Every structure is written in structure tokens, then in C-alpha cells.
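The values are calculated or read from the model by the stated rules, or taken from the named source; none is laboratory data. Because the structure is predicted, anything quoted here is derived from the model rather than measured. Positions of Cβ are backbone-derived with ideal geometry, glycine not excepted, and every protein chain shown enters the neighbour counts. Please note that ligands, DNA and RNA were not included when accessible areas were found on the heavy atoms of the full protein model with its side chains. Shrake-Rupley method; radii C 1.70, N 1.55, O 1.52, S 1.80 Å.
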Amino acid sequence: MLSRGSRMYRVAASLLFLPLAGCSRQPAAPASAQASSARPAIVFMTDFGTANDAVAICRGVIYGIAPDVRITDITHQVTPFSIEEASRFLYGVTPYYPEGTVFLVVVDPGVGTSRKAIAVKSRKGQYFILPDNGVITPVLDRDGLESAREITNQHWMIQAPLSSTFHGRDIFSPAAAHLAEGWEFDLVGPPVQQLVRLTPKTSVISAKGIEGEVIGLDDPYGSLITDIPGEDFKQLGYNVGDKVFIQINKKAFALPYAKTFMDVPVGEALLYIDSRGRVGIAVNQGSYATRFNIRPPAAVFIPRKGTPINVVHRPAA
């Protein structure tokens with residue numbers, strides 16, 4: 001018969017070994033995941049829309065690999081097939097996310113072709129899983145490229161036959177999940193020496209004024225987004241409160257240069273510098289695009305102050 005002291009010793013010893021036995025049965029985590037319990041976020045953007053199950057399927061694939069990952073969205077309403085629009089959204093969003101964030105972008109009109117699926121690391125330490133179609137060009141022009149690799153590791157893909165039309169599910173989502181789960185970036189596949197570049201149009205300033213383009217709509221408001229930098233516009237000599245005569249698709253309009261929407265009466269139009277530092281055109285509590293039937297792309301010309309434009313289309317009352 002064991003003494004009371006012996007029984008207490010055995011109980012204490014068994015308690016000491018229980019946690020170690022439990023830990024020994026857990027699968028080993030990736031080295032980088034062991035170093036930190038914090039998981040980076042996946043920031044997700046597509047042109048899939050919200051009227052089907054594609055986004056939910058991609059999320060399911062991600063959670064199956066990285067159940068604790070945080071997923072947030074840029075948008076799933078990118079104009080279908082518009083690489084340029086997706087690149088503009090990506091460029092605008094990335095500065096607000098920390099090092100280690102994984103950006104998952106599936107705007108991929110070339111799905112199933114010879115275009116590469118790639119993983120990119122910027123010099124800011126952010127990661128990007130996306131097609132090699134130029135969508136990342138503006139971000140890399142600003143932040144710099146550290147490394148780019150083709151996604152070829154089949155263990156980083158869905159463990160089922162790959163579809164030729166849904167790489168968002170089969171390749172991009174699982175690759176993003178592996179990165180977010182802490183697997184080493186170099187495991188994704190071989191280096192890519194040359195990325196496809198996007199060459200978007202940019203505005204041109206001259207002695208006469210600025211020629212640019214309406215590149216998008218600030219939906220749901222219907223305001224026009226142009227590619228004209230606010231700093232270039234200011235070189236034309238206008239001050240807040242001035243009337244600006246501009247041409248959109250060769251039609252002339254007179255707009256007050258305002259600081260904010262409520263500087264003009266409700267229903268009136270204005271020209272302003274938007275939150276991203278570009279020239280915008282809007283109607284206070286209305287849709288400029290709908291009122292004047294303007295959709296991107298649309299040519300824009302803003303003359304230097306004092307240069308007349310003959311025909312003026314004033315906003316409808």
C-alpha cells in the first residue's frame with residue numbers, strides 16, 4: 001500500500017507530464033508560424049460580383065487551409081475584366097495595411113492561358129497572389145520589388161483536378177492561405193525574372209492646359225475620377241472659388257472649383273481634388289455620370305486659367 005506522500009508524488013508527476021504528452025501529438029507548424037502566433041490578414045479583391053457563389057467558395061478554400069486567418073475585402077465589384085481598375089484600387093489600398101499582409105487579387109481575363117500565376121513580395125514586406133497581367137505594376141513602381149515567383153508548387157494548390165476557368169479557387173486562394181498560415185515564400189515556386197507591365201495612360205500638361213481621361217466612377221455616387229493629378233491642375237492658375245471651363249468628350253462645361261461638396265448648392269456640379277489627390281467632378285448629392293451620360297473612358301481637357309472655351313453646357317437644374 002502506498003503512503004500518502006507516495007500517492008501525492010505520483011499525482012504531481014503525472015500532472016507534469018500531461019501537457020508534454022498533449023503537445024507531442026500536435027502537428028509541427030511552419031517555422032515562421034512558430035515564431036509568431038499573429039496571422040497576417042488576407043485582403044481579397046475580384047471581379048466576381050456578389051450574385052454567385054465564387055467568393056464564398058474561395059473563402060472556404062482559404063479557411064480549410066488557414067482556419068484562423070482574417071479575411072477582409074477591397075471589393076468584388078471590379079468592372080469585369082478591367083485590370084486597370086483593379087490596379088488602381090490595389091494601389092490606393094496597400095499603403096494602409098502593414099508589413100506581412102497578403103493581397104489576393106483575382107481579376108484574370110487570361111485565366112487558363114499561358115499567363116503565369118505569381119506570388120510577389122514588395123520591398124515594403126507585403127505579399128501579393130495574383131495573375132501576371134500587370135495588375136501589380138503601379139504598386140511595384142511605388143514600393144519596389146523584392147521577389148517574384150511563379151506558383152507551381154502543387155501542394156500549395158487545391159488537392160483536386162485544376163479547372164481551366166477557376167484559378168481563383170484552385171491556385172490563388174490556396175496559395176494565399178499557405179502564405180498567411182506562415183509557410184515560406186520561397187516554397188511557392190521558381191523565380192520570375194520579368195513581370196508583365198501595365199502601361200496606363202497618364203495626363204499630359206502643356207502650354208494650353210491638361211489633357212487627361214475619366215478613368216473611373218466613384219460609385220455609388222456617380223462622381224467622375226480622372227487621371228489628372230491635383231498638383232498638375234494647380235499649375236493651371238485656378239484658385240478655389242474660380243469657375244473652370246472644361247471639356248469632356250469635346251463637350252464644354254462650366255464648373256466651380258470647390259474644396260468640398262457642400263461648397264455648392266445641392267444638385268449643383270463642382271470640380272474638386274479628391275481624397276487620392278486627383279481631379280474629380282461631382283454633383284452635390286447627385287450623380288454627374290448619370291446626369292450627363294458620361295462613362296469611362298472619356299477624354300478630358302482643362303485649359304489654363306483665362307483660356308476661353310466657346311460652348312458651355314451648364315448643369316441641369
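Numbers for the structure displayed
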item: Number of the condition not met by P200 [criteria: (1) in a loop (DSSP other than H, G, I, E, B); (2) at pLDDT 95 or above; (3) under 17 Å from the mean Cα position of the chain (by Cα)]; result: (2)
item: So V93, is it buried (at least 16 other Cβ atoms within 10 Å of the Cβ), in a helix (DSSP H, G or I) and either polar (S, T, N, Q) or out of contact with any helix residue (DSSP H, G or I) (no Cβ under 8 Å at 6 or more places or on another chain) (or both); result: yes
item: Qualifying residue in region 84-99 (condition: polar (S, T, N, Q) and at pLDDT 50 or above); result: yes
item: All positions within region 72-87 that are among the aliphatic types (A, V, I, L, M) and either part of a loop (DSSP other than H, G, I, E, B) or open to solvent by less than 30 Å² (accessible area, probe 1.4 Å) (or both); result: V78, I83, A86
item: Unique match (being under 24 Å from Y91 (Cβ atoms), surrounded by 13 or more Cβ atoms within 10 Å (Cβ to Cβ) and in contact (Cβ under 8 Å) with a residue 60 or more places away in the chain) among L224, L271; result: L224
item: Verdict on G280 being surrounded by fewer than 20 Cβ atoms within 10 Å (Cβ to Cβ) and either on the phi > 0 side of the Ramachandran plot or modelled with pLDDT of 95 or more (or both); result: no
item: Conditions (1) closer than 28 Å to E84 by Cβ; (2) open to solvent by 30 Å² or more (accessible area, probe 1.4 Å); (3) at pLDDT below 95; number of the one not met by N293; result: (3)
item: Residues of region 135-163 classified as without any contact (Cβ under 8 Å) to a residue 24 or more places away in the chain and under 16 Å from the mean Cα position of the chain (by Cα), total; result: 1
